[in-house]
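Structure first, then comments.
The values are calculated or read from the model by the stated rules, or taken from the named source; none is laboratory data. Everything numeric here is computed off the predicted structure, so don't read it as measured data. We place every Cβ from the backbone using ideal geometry, glycine too, and count neighbours over all the protein chains shown.
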Amino acid sequence: MRGRPNLFTDYESEMALFPTTTKRVAVALLLIFALLVPLGAIPGLSFLQESSWLVLINRALVFAIAALGLNLLTGVAGQVSLGHSFFMAVGAYTAVLLGGTPGKTVWGLELPIWIWLPAAGIAAAIIGIIVAPTAVRVRGLYLAFVTLGLVFIGLHLWRNFGKIAGGPTTGRPWPPLEFALWKGDPIISFAKDGPWLGVQLTSDAKTYFFLLVAVIVFTLVAKNLMRTRIGRAWAAIRDRDIAAEIMGVNEVRGKTQAFAISSFYAGIAGALFAVILGRLIPETWDLLLAVEFIAIILIGGAGTIAGTLLGTFFVVLIPRIVEDITFFFADQVANQGPLAWLGDLFIRKSPDDILGFVSTGAAGPGLSIFQLNVALFGVLIIVFLIAEPLGLYGIWIRVRNYWKGWPFTY
Amino acid sequence: MSDRRRLSFETRSQAGLSVEERGYEHLLEFTDVSLSFKGVKALTDVSFHVDDGELFAIIGPNGAGKTSTFNCLNGVYHPQEGDIVWKGSSILRERPDKIAELGIARTFQNIELFPHMTVLENITLGRHVRTHVSWWDGAIWWGRAKREELANRAVVEDIIDLLEIEQWRAYPVALLPYGVQKRVELGRALAMEPELLLLDEPVAGMNLEETEDMARFILDIREELGIAMILVEHDMGLVMDIADRVMVLDFGKRIAIGKPEEVQRDPEVIRAYLGGDLAAT
């Protein structure tokens, strides 16, 4: 192919995960960026290595695993589930039952991570398989309500099984992120500060690296599932279930597999979520958490991997960014900085302030930053559903197509 | 022979063999089938058979039970009476996906493509019954899944070539013109490597040029792959031109069956199509 070096000459190179040089370079740069984040080596973004940011990023990485799972079930296979937080809880409590320290009021077997982490996923997957048959009987909104029921059944169970979940107001500690062959001293600990290969790292940074690898693995698996036989079957069930059956897709098996694999993702994410928080109460696994995952895949772009990851970071990091920006402007207003005029538009300075509606203090009238975030979240979901159903991914596609055709309009 | 396109899968048609060699008498036997929904009788004692490599047509006025016949064959409806025998064994109570695996493929009257998937993905989905990679092999990709995907792609590209839809390969099907969507649907059915293809009004709503294209594809498929077909169609010109045998349904009953020229002369058929008074005069 003289003169056209970028032309595909076989199916293998066309079907590759990253078929173009641009994509390969972009992914490589993204990976390097991800590796440098906890080292504070990125000019202008070195604040990301601060503990408060790194903890948030770790949370986003854990959420990404769960969101990838929900994306397979809801985005690809079209089964709307509001029960994702329930499956996460199943994973978390399986983990603490197998890996936790036993006490006077709680059970725990103190098994190592290579048992409790996969077991968390498998336990959730088994519950998923049990739930799946309902998805064959009820569809769409009705399925959403059935899975919603799971969340409340779950909450009731966790509150009443103190031996597993700990006290209703105190919860119980989860095992640390440590790799040991059996009980005893860990071989690798992600939970203690210390040097790796001569570089001094905090426990947050180590946890970050562990989660980064996990997210990469789970992303690849999700992508591979989507581009092979099972992924096409899921998409077919989503688009037209009866036609899919006539084309030879077993609907019951397809939906069961979707629930099982999605719940496996949720179980692993639930266990890791509890582990990085260290201790949590049963109310963590409520409806709000489940809705957050629906928001992630809607804002990111249902049915796409890139959209799911974008959506996760957007939803998890935006509250913090909004908070930082609000404090910045409040500071500008208070000290009459150069951007004070902009801050005047929305920072509430006194009770009779006409324009301002956000106050940084908890006592002040107007919206608190938390309330602002909740309102923003709702507005964003509405805007995305109406204006951009493909989410952030859809916006990206439009930007990309614009530059692909530039300077022509199409 | 030389100018024929070669497909990478061989036909499994048993047309040339004797009954003993095939192990069954007719490819498909539809015996005294009755289907009713509460009080409505959609089909009443309908019988016909289809042989290997045959192009069998079903015609009749709207509501005659043509599509219901297809839905019985596919296992979407389970008729109350009668029997449907595929290669000597009954498929009356089988699930749709099981019947697809046995080798009965279908296109739909109102296009039933998967709108969010591309042409490639739609046709590749047709390969579902001819592929066997498990989900964990798929999750790993390297090895078995990759080999199968590449082999699949070769077959799918052959079908795309046969149906002349190369330029639409990567488009989501919802964006394509109607005539092209019909072709993609035919391609998806072909990808299943069927032994019997059910075509539900393949040229409905098409202009003359598109109709002739589709007729050419149907004849190509028959000649190159030897797949038996049941054609439901209102375009009488097409049916009478290409069908080997024709069955006429009216209000769920079979009123005639035979060669196209015989059926055309049948007084019952003329009555059903043109009205009782005209037939009487």
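Taken across the range B:134-155, residues that are within 21 Å of the chain's Cα centre (by Cα) and more than 8 Å from chain A (Cβ to nearest Cβ) do occur, with at least one present.
Only residues that are not charged (D, E, K, R) and not in a helix (DSSP H, G or I) were counted in the range A:160-216, giving 32.
Criterion applied to A:Phe47, A:Phe8 was being away from every other protein chain (no Cβ under 14 Å) and either at pLDDT below 90 or touching a strand residue (DSSP E or B) at 6+ places or on another chain (Cβ under 7 Å) (or both), and the one residue passing it is A:Phe47. Only one of the numbered conditions (1) surrounded by fewer than 21 Cβ atoms within 10 Å (Cβ to Cβ); (2) under 17 Å from B:Gly65 (Cα atoms); (3) in contact with a strand residue (DSSP E or B) (Cβ under 7 Å, 6 or more places away or on another chain) is violated by B:Phe251, and that is (3).
Confirm whether A:Tyr402 is exposed (fewer than 13 other Cβ atoms within 10 Å of the Cβ), within 22 Å of A:Ala26 (Cα to Cα) and not basic (Lys, Arg). Answer is yes for this residue. When the residues of the range B:54-68 are filtered to those that are within 15 Å of the chain's Cα centre (by Cα) and away from chain A (no Cβ under 14 Å), the one that is nearest to B:Ile218 (Cα to Cα) is B:Leu55.
Applying the criterion of at least 1 residues that are within 14 Å of another protein chain (Cβ to nearest Cβ) to the helices (runs of 4 or more DSSP H) found wholly in the range A:220-329 leaves A:229-239, A:241-246, A:251-277. Please work out if A:Ile127 is in the same structural domain as A:Ile276 (by TED's automatic domain parsing), aliphatic (A, V, I, L, M), at pLDDT 95 or above and surrounded by fewer than 13 Cβ atoms within 10 Å (Cβ to Cβ). In short, no.
Entry remark, the range B:72-120: residues being facing another protein chain (nearest Cβ under 9 Å), assigned to a helix (DSSP H, G or I) and under 22 Å from B:Ser36 (Cβ atoms) number 3 in total. Determine if the range B:206-215 includes at least one residue that is in contact with a Phe, Trp or Tyr (Cβ under 7 Å, 6 or more places away or on another chain), hydrophobic (A, V, I, L, M, F, W, C) and buried (at least 19 other Cβ atoms within 10 Å of the Cβ). No, the conditions are met nowhere in the range B:206-215.
In the range A:315-338, is there at least one residue being touching a Leu at 6+ places or on another chain (Cβ under 7 Å), under 25 Å from A:Leu225 (Cβ atoms) and in contact (Cβ under 8 Å) with a residue 12 or more places away in the chain? Yes: the range A:315-338 contains one or more residues that are touching a Leu at 6+ places or on another chain (Cβ under 7 Å), under 25 Å from A:Leu225 (Cβ atoms) and in contact (Cβ under 8 Å) with a residue 12 or more places away in the chain. A residue that is over 30 Å from B:Gly60 (Cα atoms) and in a helix (DSSP H, G or I) occurs somewhere in the range B:174-186. Scanning the range A:75-111 for residues that are assigned to a helix (DSSP H, G or I), of a type in the set (S, T, N, Q) and under 19 Å from A:Ile296 (Cβ atoms) gives a single hit, A:Ser85. Look at A:Ala135 and say whether it is assigned to a helix (DSSP H, G or I), under 26 Å from A:Ile299 (Cα atoms), in contact with a Lys or Arg (Cβ under 8 Å, 6 or more places away or on another chain) and of a type outside the set (D, E, K, R). Criteria met by A:Ala135. Residues that are closer than 17 Å to B:Leu198 by Cβ and basic (Lys, Arg) within the range B:93-126 comprise B:Arg95, B:Lys98, B:Arg106, listed in sequence order. Residues of the range B:161-197 that are touching a helix residue (DSSP H, G or I) at 6+ places or on another chain (Cβ under 7 Å), exposed (fewer than 13 other Cβ atoms within 10 Å of the Cβ) and either free of Cβ contacts under 8 Å to residues at least 12 places away in the same chain or of a type in the set (Lys, Arg) (or both): B:Glu166 alone. Scanning the range A:342-357 turns up no residue that is of a type in the set (S, T, N, Q), touching a residue at least 24 places away in the same chain (Cβ under 8 Å) and not assigned by TED's automatic domain parsing to the domain that holds A:Thr219. The condition (being surrounded by fewer than 22 Cβ atoms within 10 Å (Cβ to Cβ), assigned by TED's automatic domain parsing to the domain that holds A:Pro176 and at pLDDT 95 or above) is satisfied by just one residue among A:Ala60, A:Ala67, A:Ala95, A:Ala89: A:Ala60. Restricting A:Val213, A:Val199 to those that are loosely packed, with under 13 Cβ neighbours inside 10 Å, at pLDDT 90 or above and under 22 Å from A:Gly40 (Cβ atoms) reduces the list to A:Val213. Among the residues of the range A:203-219, none is identified as within 12 Å of chain B (Cβ to nearest Cβ) and in contact with an Asp or Glu (Cβ under 6 Å, 6 or more places away or on another chain). Screening the range A:98-124 for residues that are of a type in the set (Val, Ile, Thr) and over 16 Å from A:Thr256 (Cα atoms) and picking the one that is surrounded by the most Cβ atoms within 10 Å (Cβ to Cβ) gives A:Ile113. Can B:Arg147 be described as closer than 21 Å to A:Asp10 by Cα and surrounded by fewer than 20 Cβ atoms within 10 Å (Cβ to Cβ)? Yes, satisfied.
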